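Just so you know, all these numbers are worked out from the coordinates, no wet-lab data involved. Since we're looking at a predicted model, the values are computed, not measured. Here the Cβ positions follow ideal geometry from the backbone for every residue, glycine too, while neighbour counts run over all protein chains shown.
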Amino acid sequence: MARLEIDLRITARTAVAVGAGGSAGSRVDRSIVRDAWGRPLIPGSQLKGRVRHAAEQILSAVGQDVPAHFDDERATLIRDLFGSPEHPSPLFFHDLPSTIMPEPPESITARRLVRLRPSVALSRRRRIAEESLLVLQEVGAEGMIFAAEQAICGEVPDEPQIALLWAALKLADRWGGGKSRGLGWTTVEATIRWDGVVIDEIRLAQTLRRISGGR
């Protein structure tokens, strides 16, 4: 086993809405997740879930076995990387706070990072806009950056697992809600170190081809 560290930088090409659920006491109908300084945030739980989903898509596309459900305890690459109820994941997924410029967190205000996006509610039955129902949704500004050093870290035994994580991060280019309305498009950049050595993308791509049987 060797130490894996992945630094992540996710740049928003369109506004991003990572929902926090309720918005009691606010004029906003749909709020976003924030950190202690009020900055939009991609939680580590969403990072893990999004990367796992992308990894399952990749393996399914090349005919590799993936868990049928979360409680599936069969030995698969997905279970080995992301865990299951009986097998804890060897990886830790950390929150990705946001910024739009190289300033200390306490000097960045939510006003500069968050926008209100108006929209109307649609009737699924009638397939038209509901009357007199305007929705205000918080979104992170276009151009903001969600980043963290060692955003993903842990112990992994071999390079194929690392190559799968890298490919999943490349595939995961949409984050948060509102995807059908053009929200959440991003560019993902990852620096991957294994046992302290940076692994370049050419090597990872070659390893990934071996996983997929050369497809």
Q. Considering amide H positions built from the backbone, and no H for Pro or chain starts, which residues 5 or more places from E142, or on another chain, come under 5 Å of its amide H?
A. A15
Q. Sorted from fewest to most neighbouring beta carbons within 10 Å, what does the list D173, D80 look like?
A. D173, D80
Q) For region 151-158, what does the Karplus curve 6.51 cos²θ - 1.76 cosθ + 1.60, with θ = phi - 60°, yield as ³J(HN,Hα) per residue in whole Hz, taken in order and with x for Gly and Pro? A) 4, 10, 8, x, 10, 10, x, 8
Q: Please arrange S180, S31, S98 by counting, for each residue, the other beta carbons lying within 10 Å of its beta carbon, fewest first.
A: S180, S31, S98
Q: Mind sorting S45, S89 by how few other Cβ atoms lie within 10 Å of their own Cβ, fewest first?
A: S45, S89
